[in-house]
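Enquirer: First the structure, then my questions, so here it is.
Coordinate-derived values only; no laboratory data. Computed from a predicted structure; not experimentally measured. Heads up, the Cβs are rebuilt from the backbone with ideal geometry, glycines too, and the neighbour counts pull from every protein chain shown.
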Amino acid sequence: MKLPSTITILFLTAGLAQAAPDRAVAIRTTVNGMVCSFCAQGILAYFKKHPAVSNVHVDLTRKSVLLEERKGHSISDKEIIEYIKKAGFDPVKVERLKTSFQETKTGS
Amino acid sequence: MMGSTGSVQNFELYQSYSARTAWGFHAMRFEDDQDEIFAAIQHNWLLKRWNLPSAQANIYTGIGAGAAWQEEGDTGPAGIGFFRADYETRRVYAACDAKLAASPEVSRSIFSAEAGIAPYKAEFDQINTWFIFQAGHVTAMDDTFELIPKVRFFKGPYFLELGSTLRGRPVASFMIHF
């Protein structure tokens with residue numbers, strides 16, 4: 001009687017394990033001082049060239065930089081903070097979100 | 001960056017090597033009874049930046065060394081220096097700056113103050129529009145004081161400013177981030 005439930009659980013677990021890598025992680029960094037798109041060009045240019053980043057969005061209204069990690073790569077919070085400081089702005093917090101890059105960009 | 005305020009033309013080309021420092025070439029031409037051109041290799045510093053949640057303020061300075069040419073043909077060593085402070089939100093902008101160009105023969109100072117408003121809060125990928133009013137004073141010129149209404153646009157790495165002095169002289173400025 002126990003066998004069918006065990007098999008079901010194993011299939012479910014395998015399904016979840018497969019789904020996780022397909023979902024690219026969105027990282028949102030809140031930044032102080034980012035009021036001008038001309039001045040924030042450096043942030044966009046840097047993250048666009050970063051090998052671990054597949055998508056970048058600068059949101060002046062939400063005062064945030066949204067990054068999408070490329071599959072199989074990662075960028076650390078420390079690196080994000082250091083670069084935003086180097087570009088002349090003050091990062092406030094870095095959040096790793098459960099929503100996708102597109103969902104966060106358009107919805108939140 | 002290239003700019004002209006009627007009687008003064010300005011050309012600047014800089015390479016930033018950190019968020020707080022840049023070096024490059026700066027040339028200024030003063031059109032008066034006797035034209036003068038100053039050209040220098042210049043170094044600029046961001047002395048202080050305040051990054052606030054909805055605003056940014058900066059203080060910059062720069063100095064350069066080069067040469068000056070006068071219309072009569074005199075050439076000599078020259079220096080250029082400037083000091084600038086600005087404050088900006090997404091809707092309000094204010095700036096003031098002082099520039100000095102000096103040689104043993106002649107020196108010129110430019111003082112200017114700008115105030116501007118944005119009619120809408122542009123997003124990062126939209127065209128930003130600003131209406132700006134500039135008051136400027138150039139020492140030792142025929143027309144020493146100018147009032148300049150202008151409109152500023154920028155999108156991506158491109159920046160364009162167009163206007164006219166109240167005497168009808170066109171004013172233009174163009175910048176690009178490489």
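Enquirer: For the protein assembly as shown, place one equal point scatterer on every Cα, skip the solvent, and apply the Debye formula. What is log10 of I(q)/I(0) at q = 0.10, 0.12, 0.15 Å⁻¹?
Expert: -0.64, -0.83, -1.14
Enquirer: 7 Å from Cα along Cα→Cβ at both A:S76 and B:E72: what's the point-to-point distance in nm?
Expert: In this crude spin-label approximation the distance works out to 6.5 nm.
Enquirer: Past the 26 angstrom mark, what percentage of all C-alpha to C-alpha distances in region B:35-178 do you count?
Expert: When all Cα pairs of region B:35-178 are counted, 34 percent exceed 26 Å.
Enquirer: Each label point is 7 Å from the Cα along the Cα-to-Cβ direction; what then is the distance between the points at B:S164 and B:Y87, in nm?
Expert: In this crude spin-label approximation the distance works out to 3.2 nm.
Enquirer: Turning to a different aspect of this structure: Select from region A:40-104 those trypsin sites (Lys or Arg not before Pro) which occupy a DSSP coil region and have at most 16 other Cβ atoms within 10 Å, ordered by residue number.
Expert: Sparse-neighbourhood loop trypsin sites (Lys or Arg not before Pro): A:R62, A:R70, A:K71, A:K98.
Enquirer: Name the residue farthest towards the positive end of the dipole of the protein assembly as shown from the options A:V56, A:I75, A:Q41, assuming +1 on Cβ of Lys and Arg, -1 on Cβ of Asp and Glu, about the Cα centre.
Expert: A:I75
Enquirer: What is the magnitude of the charge dipole of the protein assembly as shown about its Cα centre, with +1 placed on the Cβ of each Lys and Arg, -1 on the Cβ of each Asp and Glu, and no other charges, expressed in debye to the nearest 20?
Expert: It comes to approximately 2120 debye.
Enquirer: Once you've got the Cα coordinates, tell me which of A:K49/A:K71; A:K63/A:K93; A:K71/B:K155; A:K71/A:K93; A:K86/B:K121; A:K49/A:K85 are over 19 Å apart.
Expert: Table pairs above 19 Å Cα-Cα are A:K71/B:K155; A:K71/A:K93; A:K86/B:K121.
Enquirer: Return the whole-Å distance between the Cα centroid of region A:46-108 and the Cα centroid of region B:59-113.
Expert: Value for the Cα centre distance between the two parts: 38 Å.
Enquirer: I would also like to ask the following. Please give the net charge around B:R152, taking every other residue with its beta carbon less than 12 angstrom from that of B:R152, where Lys and Arg add +1 and Asp and Glu add -1.
Expert: Here the count lands on -1.
Enquirer: Sticking with this one: Report, largest value first, the span of the C-alpha coordinates of region A:24-106 along each principal axis, in whole Å.
Expert: On the principal axes, region A:24-106 reaches 31, 24, 20 Å in Cα extent.
Enquirer: Where does region B:11-94 land on Rg(C-alpha)/(2.2 N^0.38 Å)?
Expert: My calculation over the Cα atoms of region B:11-94 gives 1.36.
Enquirer: If you don't mind, there's one more thing I want to ask. How do B:F159, B:F154 rank when sorted from fewest to most other Cβ atoms within 10 Å of their own Cβ?
Expert: Result, fewest neighbours first: B:F159, B:F154.
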